[in-house]
Structure formats: structure tokens, C-alpha cells
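After the C-alpha cells below, expect a handful of questions from me.
Laboratory data are not the source of any read-out in this text; all were calculated from the coordinates shown. In this text the structure is predicted, and so the values were computed from the model without any measurement. Counting neighbours? That spans all protein chains shown, and the Cβs are built from the backbone with ideal geometry, glycine included.
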Amino acid sequence: MAKAIETTIIPGFGNGFIHAKKGMTVRITDLEGHQVADTWAISTRDHEEYLSAATTRMLTGRMFPELKGVFMTTCDRPILTFTRDTSPGFHDMLFASCCNALYARRGHKNHPNCRDNYFDAIGRAGISHANIPDPVNIFQNTPPRPDGSFQYGVTMSQAGDYVELRAEMDCIVVVTACSSELINAGVSTPLRLETFKPRPKAKTKK
């Protein structure tokens with residue numbers, strides 16, 4: 001197994017980020033199981049170019065990219081390619097990140113949330129965004145029903161399940177451990193974020 005270039009452990013209810021050069025593999029691992037990873041990718045060159053869930057849906061014609069499918073930026077350019085998935089395959093690209101106001105409406109004051117975690121992470125990464133982009137919710141099990149409503153299912157990933165994404169440009173990948181006990185089997189648990197060297201291209205037969 002290849003050795004990671006950089007590794008960040010994201011605690012439950014926490015956040016982290018990692019730098020990925022073009023061609024590198026980014027791996028997101030659910031360490032204990034049943035944990036959603038809210039994920040963003042921001043261009044290193046221009047922080048106003050970042051992964052756009054809406055643009056990705058429009059240009060791919062899917063609610064979530066299939067394997068070998070791409071995630072697109074606000075400038076209609078590929079930023080990540082979805083290359084591997086060892087989980088049951090449930091992911092989401094429709095939900096916004098949870099925020100303090102959401103939990104306050106449910107009677108929970110000052111609850112950890114992915115909106116605050118996003119701004120904490122990008123601040124440490126030297127990025128200044130006025131608004132939070134919609135995330136890619138890796139491992140989130142909330143599929144739409146035929147009537148248009150959402151099914152709130154418990155996250156199905158098991159301990160050690162991971163996804164891999166290939167960076168299509170130099171970017172900063174931000175991940176937060178989803179704070180919703182409802183879909184994380186009762187508690188927010190750690191994630192591991194890693195980068196690996198670009199994999200050599202397979203030789204073509206002459």
C-alpha cells in the first residue's frame with residue numbers, strides 16, 4: 001500500500017483540510033463507521049473557483065457523479081474525479097451544510113455544525129469566503145423519494161470504508177465531520193483525510 005504524502009485526522013464534530021496537487025489522489029476514510037463527510041474543493045490558484053454541486057449536477061446530468069465521473073467548478077472545469085468507493089455507495093449532493101440556526105430551531109443551543117467548521121477550516125487555510133458553498137456529502141444516506149421528499153437514513157458506511165478522488169487541478173480539500181446525530185447513528189466520529197502520489201498511467205498495448 002502506498003504511503004500517504006499528507007494525513008489529517010478530523011475529529012468527530014471537527015474539521016480539517018489538505019492540499020492536493022493536480023493528479024494526486026485524495027482519500028476520505030470513515031474510521032469508525034456511519035459518519036458523513038461534508039466535503040469541499042477550492043482552487044489553489046483562485047479561491048473564487050471551487051467545486052459547485054449545482055454546476056456538477058447540470059453538466060453531468062446526475063444527482064451525484066458515478067465512478068470515473070467528475071465534480072465541476074463554478075467555472076465549468078473539472079476539479080475532482082470520483083475514482084474509487086469501498087462503501088455501500090450512498091452519497092448526497094443536494095443538502096446544504098447544517099448550521100447553528102438549524103440546531104437552535106430544534107432546541108439545541110451552540111451545537112457544533114458544519115457551517116462554522118467550514119469557516120474555521122478555510123480561515124486556517126488562508127481562504128476568505130463570504131458564503132459557504134453547498135458541500136458534497138460523502139457517505140450521506142438521504143435519497144429522494146418518488147414524491148419529492150427525502151428519506152433520512154442512517155449512514156451505511158462501515159469502519160474503514162473510503163472514497164478516492166483524483167485532483168484535476170491544484171486544490172485545497174476541506175472536510176468536516178457531519179454534526180447531525182440523526183443520520184450519523186447517534187454521534188459524530190472521526191474521519192481520515194489523505195493525499196497520495198499520482199498513480200502511474202496503465203501502459204497501452206501496441
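Sum up the charges of everything whose Cβ sits under 11 Å from the Cβ of Asn184, counting Lys and Arg as +1 and Asp and Glu as -1, but leave Asn184 out.
Net charge around Asn184: -3.
Say we join alpha carbon atoms closer than 10 Å with springs in a Gaussian network model of the chain; which of Gly61, Gly153, Gly33 then has the biggest fluctuation?
Residue with maximal mean-square fluctuation among Gly61, Gly153, Gly33: Gly61.
Ok, one more. Just to confirm my numbers, what's the Cα centroid distance between region 1-33 and region 61-119 in Å?
Region 1-33 and region 61-119 have Cα centres spaced 16 Å from each other.
Helix 114-124: angle to the longest alpha-carbon principal axis of the chain, degrees 0 to 90, nearest 10?
Around 50 degrees separate the two axes.
Of the candidates Arg57, Arg166, Arg106, which one comes out as most mobile in a Gaussian network treatment of the chain with C-alpha springs shorter than 10 Å?
Most flexible of the set in this elastic network: Arg106.
Average projected area of the Cα convex hull of region 36-100, in nm²?
Mean projected area for region 36-100: 5.1 nm², to one decimal.
Any chance you could list the semi-axes, whole Å, largest first, of the equivalent ellipsoid that the Cα gyration tensor gives for the chain, using √(5λ)?
26, 19, 18
Mind sorting Thr60, Thr29, Thr176 by how few other Cβ atoms lie within 10 Å of their own Cβ, fewest first?
Listed from fewest to most nearby Cβ atoms, that is Thr60, Thr29, Thr176.
Among Asn131, Asn117, Asn15, which one shows the highest mean-square fluctuation when the chain is modelled as a Gaussian network with alpha-carbon springs under 10 Å?
Asn131
Suppose a student asked you for the relative contact order of region 40-170, using Cα pairs under 8 Å spaced at least 6 residues apart; what percent would you report?
Computed value for region 40-170: 29 percent relative contact order.
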